[in-house]
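Visitor: This is the structure I have questions about; it appears just below.
The values are calculated or read from the model by the stated rules, or taken from the named source; none is laboratory data. Everything quoted here is computed from the prediction, not taken from an experiment. Glycine also receives a Cβ, built like all others from the backbone with ideal geometry; neighbour counts cover every protein chain displayed. Note: accessible area is taken over every heavy atom of the protein model, side chains too, but ligands, DNA and RNA are not part of it. Shrake-Rupley method; radii C 1.70, N 1.55, O 1.52, S 1.80 Å.
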Amino acid sequence: MAKNYRAELTGCFGCPVDENPTGVMEEAAYAARDLNFRYITIKVNKEDLENAVRGARAFNMRGFNLTIPHKVAVLKYLDKLSRAAEIIGAVNTVINDKGRLTGENTDGKGFLIALERAGVSVKGKKISVLGAGGAARAICVECALAGASGIAVINRDAGRGQDLARLISGKTKAKGDFIPWSGTAAVPADTDILVNATSVGLYPKVDEKPRINYDGIGANMTVTDVIFNDPHSLFLKEAEKRGAKTINGLGMLINQGALNFKLWTGVEAPVDVMEEVLKKEFNL
Ligand code: NDP
């Protein structure tokens, strides 16, 4: 058979995107599985997304990730959406099947796998989520679809918070409640799993933590953070002090990357390799 010099292309479209570490993880995974795939981190300005998607089709890219500010805007350029992506209203991964682009959202699924790996199930649980942005929407919808009984959305912007709570109650079997966040927020006493899905604590502002009453965290709670850089966030340190089980944002990042790998290649991802390379990247 003739030698194939053409690699299957995948990548990430975003702006800013320079500090996005996904490429390191995916390229290491392709190499570990001996796949002729590449992952390219591409700066795509807000107004250029349509052209970028057209380019992805023209280059016969196998798929691509989307990050800020394209996760919602990309919907109108796709041919099909997964059920979760449709409910969430945002796409972080696109799969190109012979020119037909399908949008999927693996952020919340990555979060769920990270919890499962830590021995935590969301079934029948009460979940309190800080934030109502893209990450919060993905986490809330996947937790609700996976059987969480109730989800409290705690957010500063009331419109965004109410919208998410309504979405949960309207489109899933879980009950969604909105709790306005002004000043120091109280952690609902019946919380089983508390999630920081805000961007507070993200590098380089690692000395910041969400304004909540940390004494409301009990030793019976699981406390998780979407922040992966620094994975030892102040938020999680406060939870640890109160005896809670903690899960950092690295697992979510690695597992969504592993799911994307499988969607594009059809091959099971080498999760250990991906974890190892990311930890090395972050000097952990
Ligand atoms: P968005 O901009 O969509 O949402 C940000 C949310 O944070 C909003 O709800 C906003 O509240 C809230 N927020 C911001 N600052 C504050 C503050 N000072 N106090 C209280 N709330 C605040 O961002 P994303 O949802 O896309 O991303 C959020 C974080 O999740 C980022 O740090 C991102 O890196 C991380 N992430 C991690 C992933 C992983 O795999 N580990 C995957 C995806 C994202 P308001 O609505 O009131 O403005």
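Visitor: Do we have LYS209 as modelled with pLDDT of 95 or more, assigned to a loop (DSSP other than H, G, I, E, B) and not hydrophobic (A, V, I, L, M, F, W, C) here? Step through it out loud before you land on a result.
Guide: On the way: modelled with pLDDT of 95 or more: yes; assigned to a loop (DSSP other than H, G, I, E, B): yes; not hydrophobic (A, V, I, L, M, F, W, C): yes.
It is true that LYS209 is modelled with pLDDT of 95 or more, assigned to a loop (DSSP other than H, G, I, E, B) and not hydrophobic (A, V, I, L, M, F, W, C).
Visitor: Right, next: Looking at region 117-128 only, could you name the residues that are open to solvent by 20 Å² or more (accessible area, probe 1.4 Å) and either under 19 Å from LEU250 (Cα atoms) or among the small types (Gly, Ala, Ser) (or both)?
Guide: So the first thing to find is which residues in region 117-128 are open to solvent by 20 Å² or more (accessible area, probe 1.4 Å), and the list is 117-119, 121, 123-126.
Residues satisfying the conditions are ARG117, ALA118, GLY119, SER121, GLY124.
Visitor: OK, next. Could you tell me how many of the residues in region 88-116 are more than 14 Å from the ligand (Cβ to nearest atom) and open to solvent by less than 10 Å² (accessible area, probe 1.4 Å)?
Guide: 3
Visitor: Which of the following residues is at pLDDT 95 or above, under 19 Å from VAL226 (Cβ atoms) and part of a loop (DSSP other than H, G, I, E, B): VAL187, VAL195?
Guide: Numbers: VAL195 fails: part of a loop (DSSP other than H, G, I, E, B).
After ruling out the rest, the residue left standing is VAL187.
Visitor: Do we find a residue being of a type in the set (Val, Ile, Thr) and farther than 19 Å from ASP192 by Cα anywhere in region 245-252?
Guide: First, the residues of region 245-252 that are of a type in the set (Val, Ile, Thr): 246-247.
Filter once more, keeping what is farther than 19 Å from ASP192 by Cα: none.
Taking every residue of region 245-252 in turn, none turns out to be of a type in the set (Val, Ile, Thr) and farther than 19 Å from ASP192 by Cα.
Visitor: Which of the residues that make up region 192-241 are surrounded by fewer than 18 Cβ atoms within 10 Å (Cβ to Cβ), more than 13 Å from the ligand (Cβ to nearest atom) and closer than 23 Å to GLU142 by Cα?
Guide: ASN220
Visitor: Of the residues in region 35-51, how many are within 17 Å of ASN260 (Cα to Cα) and open to solvent by 80 Å² or more (accessible area, probe 1.4 Å)?
Guide: Adding up the residues that qualify gives 1.
Visitor: Considering region 237-284 alone, what residues qualify as being farther than 21 Å from LEU9 by Cβ, out of contact with any strand residue (DSSP E or B) (no Cβ under 9 Å at 6 or more places or on another chain) and of a type in the set (A, V, I, L, M)?
Guide: Result: LEU250, LEU253, ILE254, VAL271, LEU278, LEU284.
Visitor: Just give me the residues in region 228-284 being touching a Gly at 6+ places or on another chain (Cβ under 8 Å) and under 19 Å from VAL187 (Cα atoms), in sequence order.
Guide: SER233, LEU234, PHE235, ARG242, GLY243, ALA244, listed by residue number.
Visitor: Given the condition more than 15 Å from GLY11 (Cβ to Cβ), more than 11 Å from the ligand (Cβ to nearest atom) and open to solvent by 30 Å² or more (accessible area, probe 1.4 Å), answer yes or no: does some residue in region 58-70 qualify?
Guide: Among the residues of region 58-70, not one is more than 15 Å from GLY11 (Cβ to Cβ), more than 11 Å from the ligand (Cβ to nearest atom) and open to solvent by 30 Å² or more (accessible area, probe 1.4 Å), which makes the answer no.
Visitor: Could you count how many residues in region 129-181 are surrounded by 20 or more Cβ atoms within 10 Å (Cβ to Cβ), within 10 Å of the ligand (Cβ to nearest atom) and in a loop (DSSP other than H, G, I, E, B)?
Guide: 3
Visitor: Kindly indicate whether any position in region 186-194 is of a type in the set (A, V, I, L, M, F, W, C) and over 24 Å from ASP215 (Cα atoms). So that I can check it myself, show each step before the final result.
Guide: Within region 186-194, the subset of a type in the set (A, V, I, L, M, F, W, C) is 186-187, 189, 193-194.
Add one more test, that the residue is over 24 Å from ASP215 (Cα atoms), and what stays is none.
Taking every residue of region 186-194 in turn, none turns out to be of a type in the set (A, V, I, L, M, F, W, C) and over 24 Å from ASP215 (Cα atoms).
Visitor: Residues of region 242-253 being assigned to a helix (DSSP H, G or I) and surrounded by 24 or more Cβ atoms within 10 Å (Cβ to Cβ), which ones?
Guide: MET252, LEU253
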